[in-house]
Structure formats: structure tokens, C-alpha cells
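What follows is a single structure, written as C-alpha cells, with notes after it.
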Amino acid sequence: MIHFHTVLNLTILSLIDADGVHRHISFAPLTALSPPGTTDRTARTLEEITEPQLRARAQQLIDSFYERTATAQANADAFGAALPDLPQLLHRLSSIAPSGPSSLTRASCTFDDDTLTVVLTLTASGPSAGILLALTGRWPRPTDTPADGITHDLDTHGRLTVRFDQRHAEQFLTWYRTQP
């Protein structure tokens, strides 16, 4: 389904799945051909859209969604192929520090909706933060300066979060795999 919502001189097109979840969004300017007083509406098929320019924008929205989905799937597949032992690596990273209530290490992979790539996030607090910082400091990088695609954040509670974009996550985890 595609939902149309008009705001000022713009139509917002939202691709909605069968569960009513908005999956993708696009915009189209109102034209002289747009019906006066256009209100919100939903089309279940492209044929229901009578305005040719709006129908073309709806088709572009659908095509863009499928292209983004294919790109995301390809990136996730490449990451999985490069790191078939990912669950073991994440578990090992989560276990690198002494246990206890003030010492937490968490390793997880998520997906960046903007770049359509995998993001590795390592979070540690207490003594684990120092161990995590030392580990990422030992990782050999091309330069001594922080690389684009890697961020280090230390909050006021002493919790360290290190995020790696997909390329750096693959490099880091490939290196980490060989560490004792």
C-alpha cells in the first residue's frame, strides 16, 4: 500500500507493508494536475493512482525500496561470509573483562538504515572499559589517528562505546580472531 499525505505544496508518499508498518518514504511536489484540496488517501495498487506524475513517483518509491533492500541484503551477506564465526567472536568479546556488577562488556551488530551496512558496537563500563580501550588500541590500523568509520564515546558514567562501520568491523574482527 502507498499512503499519500499532503502538507502545504508537497505530497508525502509512504510505502506501508501488510502489517501497517511504514517501510519507505518519498516526496512529490503538488502540481497543477493535483486535485484541489487533496486529502490523505491510500492506494493498494498503482492502478488506483490516477495522476500520472504521482503514479510515477509511487513506482520510484517501490523500486527504491527494493533496491535498498537488495543492497542491505548484499552487505549483510558479505559481512556474514567474511565472518562465519561472528556469534563466537561476539561472545568472546563480551567475555573479555572480569565479571561483576560494575563491569559490563557487550558486543553486538546492528544495521545502519542510512548506509545500509552492518555496525559493530562494543560497550564496556567499569574495569571492562579500560580493557576494551586497550584492545582497540592494540588493533593495528593504517594510521595512528582515529579512522573514519570508528567512533569512541565515553559518557559521564564511565561507559565506553566503540562503534565500527562495516569495513572496519570486518577488519577488527578478523584481527581479533587471531588474538589469544
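Condition check: modelled with pLDDT of 85 or more, open to solvent by 50 Å² or more (accessible area, probe 1.4 Å) and within 30 Å of residue 128 (Cα to Cα). Does residue 92 satisfy that?
yes
If residue 166 satisfies all but one of (1) more than 24 Å from residue 125 (Cβ to Cβ); (2) at pLDDT 85 or above; (3) open to solvent by 100 Å² or more (accessible area, probe 1.4 Å); (4) of a type outside the set (Gly, Ala, Ser), what's the number of the condition it fails?
Failing condition for residue 166: (3).
Which residues, counting only those in segment 7-53, are among the β-branched types (Val, Ile, Thr) and modelled with pLDDT under 85?
Within segment 7-53, 7, 31, 38, 39 meet the criteria.
The values are calculated or read from the model by the stated rules, or taken from the named source; none is laboratory data. Just so you know, these numbers come straight off a predicted model, no measurement behind them. In this analysis, Cβ positions are derived from the backbone assuming ideal geometry, glycine residues included, and neighbour counts consider all displayed protein chains. These accessible areas exclude ligands, DNA and RNA; they are computed on the full protein's heavy atoms, side chains included. Shrake-Rupley method; radii C 1.70, N 1.55, O 1.52, S 1.80 Å.
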